[in-house]
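First comes the structure, then the notes that go with it.
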Amino acid sequence: MKTKCSTLILLLVQLAAAQRNFSVGTAAATPGQKTTGYIEVPAGSDAGMHIPVVVVGGVRPGPTLAIVSGAHGTEYASIIAVEKLIATLDPQQVSGTVILVPLVNQASFEQKVPHLNPIDGKSMNRYYPGNPSGTQTERASLALTREVVEKCDHLIDLHGGDLDENLRPYSYWAPTGKAAQDRTSRDMALAFGLDTIIISRDRPTDINASRYLETTASLRGKASITAEAGRSGRVDTDDLMRLVNGCLGVMRYLKMLPGDAQFVEHPVWIDHVESLTSEQTGIFYPEVDRGVYVEKGAKVGYVTDYTGNTLLEAHAPASGVVLYVCSVPSMTKNATIANIGVIASAPPQ
Ligand SMILES: [Zn+2]
């Protein structure tokens, strides 16, 4: 009798654990486990790939947060930030579940190619929600939509300045028009802690053409943000820890970690961004640094031909903050020289 009873209890315990079993790709975690696996992207018109993923199953119930980086595989600080989170998150401390995807664009990382997936020449943050018969980027986007976006309640997409971008850290808050969701995503941006927040009102509204990962989650009713830190191929400690501590701050806000969330006080809200692009191919010489304030018309830098003749002077299209400026001499026609963030006259309500 005793044996039968203990067998029954064991079965019930296993059943309860199985019910709380959470899986993403091949990574399955019950409460208290941290497991590693991959999200399979099947081969199609080009090669398939395996996107690494870690699932942290918290011992207490709570929301599911996805943290994704490396859509641009040479934005290194964001990738290393997720590596640090993988190492440090303790399931015993966590309420809910954390999905960690540290490196979406492996070919970019391995071949040191900025902005694009060198397999198909596409940005891996422009083709969501994906397409099963498209190229690798589109198939990977579909796999991430199904395995990560649809399984989470909230998402943080981490980026940074790429190899050629001298960027000051900032977050994006992209309101959807749904008041409760927008309050939560705004609080997530404040809890992340970066002191400059871009209000992004020009995101797609078609759920079948969401383009960006964060927009894919937001259009599915999941309050989400994008955050950027890092620049020019460097992994500076302050940028790295801004991203790590930002994710931990959002987890506290969502009650997934003990402790109170600290909201950044008086952030600089950016009403919109004006891009300055080059009309010529040549050698770029910057004359401003990231983060400085420029008046409309101020000289940002200049471009010469390969024998030193000035082809153009670049002037700020608006007054605002230099969010990033090109950090290398290579300049091509239509490439970005700088992004200027125009400061909002009042915080968003
Ligand atoms: Zn990026």
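The values are calculated or read from the model by the stated rules, or taken from the named source; none is laboratory data. Just so it is clear, the model here is predicted, and its values are computed rather than measured. Counting neighbours? That spans all protein chains shown, and the Cβs are built from the backbone with ideal geometry, glycine included. Note: accessible area is taken over every heavy atom of the protein model, side chains too, but ligands, DNA and RNA are not part of it. Shrake-Rupley method; radii C 1.70, N 1.55, O 1.52, S 1.80 Å.
Over the C-alpha trace of the range 297-349, radius of gyration and Dmax come out as 13.9, 52 angstrom. Give me D for the chain in µm² s⁻¹, whole number, from Stokes-Einstein with Rh from the Kirkwood sum over alpha-carbon pairs, 25 °C and 0.890 mPa s. Rounded to a whole number, D works out at 116 µm²/s.
For the chain, modelled as a GNM whose springs connect Cα atoms under 10 angstrom apart, the maximal fluctuation among Val101, Val149, Val59 occurs at Val59. In the calculated pair-distance distribution of the range 43-187, the portion above 24 angstrom amounts to 36 percent of the Cα-Cα pairs. Any idea what log10 I(q)/I(0) is at q = 0.23 Å⁻¹ for the range 212-303, Debye with uniform C-alpha scatterers and no solvent? With one equal scatterer per Cα and no solvent, log10 I(q)/I(0) is -1.35.
For the range 160-204, a crude dipole built from +1 on the beta carbon of Lys and Arg and -1 on the beta carbon of Asp and Glu, taken about the Cα centre, is about 340 debye to the nearest 20. Computed about its Cα centre, the charge dipole of the range 15-89 is approximately 420 debye, with only Lys, Arg, Asp and Glu carrying charge at their Cβ. Each peptide in 281-294, 221-234, 303-316 was scored by the mean count of other Cβ atoms within 10 Å over its residues; highest first, the order is 221-234, 281-294, 303-316.
Note on the chain: with a GNM built from Cα contacts shorter than 10 Å, the maximum mean-square fluctuation among Arg252, Arg146, Arg168 falls on Arg146. Among Ser218, Ser133, Ser78, the residue with the largest mean-square fluctuation in a Gaussian network model of the chain, with springs joining Cα atoms closer than 10 Å, is Ser133.
Under unit Cβ charges (Lys, Arg +1; Asp, Glu -1), what dipole magnitude, rounded to 20 debye, does the chain have relative to its Cα centre? Working shown, then result.
Working: 30 positive and 35 negative charges, 313 e Å.
With only Lys, Arg, Asp and Glu charged at Cβ, the dipole is about 1500 debye.
Taking a ≥ b ≥ c as the square roots of the eigenvalues of the Cα gyration tensor, the range 196-349 is classed as prolate, since a/c reaches at least 1.5 and a/b is larger than b/c. The orientation-averaged projected area of the convex hull spanned by the Cα atoms of the range 130-213 comes to 6.8 nm². Remark: spin-label model distance Glu287-Ala28 equals 6.3 nm, labels positioned 7 Å along the Cα→Cβ axis. Sorted largest first, the spans of the alpha carbon positions of the range 253-331 along the three principal axes are 60, 24, 16 Å. Placing pseudo-labels 7 Å out from each Cα toward the beta carbon at Glu150 and Thr237 gives an inter-label distance of 4.4 nm. Ordering Ala209, Val273, Asn245 by Cα displacement along the dipole of the range 195-284 toward the positive end leaves Ala209 in first place; charges were set at the Cβ atoms of Lys, Arg (+1) and Asp, Glu (-1). Helix 179-192 and the long axis of the chain differ in direction by around 80°, with both axes built from C-alpha atoms.
Give the carbon-plus-sulfur fraction of the accessible surface of the chain in %, rounded to a whole number; probe 1.4 Å, heavy atoms of protein chains only.
In the chain, the share of accessible area belonging to carbon and sulfur is 52 percent.
Annotation: amide H-H contacts under 5 Å for His159 (H modelled 1.01 Å from N, sequence separation of 5 or more, or interchain): Ala227, Glu228, Ala229. Across the chain, the relative contact order, built from alpha-carbon pairs under 8 Å that are at least six residues apart, equals 15 percent.
Considering the range 109-162 at the alpha-carbon level, its Rg and Dmax are found to be 12.0, 33 Å.
What number comes out for accessible area per residue over the range 213-266 if the probe is 1.4 Å? Units Å², please.
Heavy-atom SASA per residue in the range 213-266 reads 42 Å².
Please compute the volume of the convex hull spanned by the alpha-carbon atoms of the range 40-122 and report it per residue in Å³.
Enclosed volume per residue, from the Cα hull, is 93 Å³.
Report the one residue of Pro132, Leu155, Asn166 whose Cα lies farthest in the direction of the positive end of the charge dipole of the range 118-167 (charges on C-beta: Lys and Arg +1, Asp and Glu -1; origin at the Cα centre). Toward the positive end, the furthest listed residue is Pro132.
A cut-off under 13 angstrom between Cβ atoms defines the neighbours of Gly161, and their net charge, with Lys, Arg +1 and Asp, Glu -1, is -3. Packing here is the average count of other Cβ atoms within 10 Å per residue, and on that basis the peptides 38-45, 203-210, highest first, run 38-45, 203-210.
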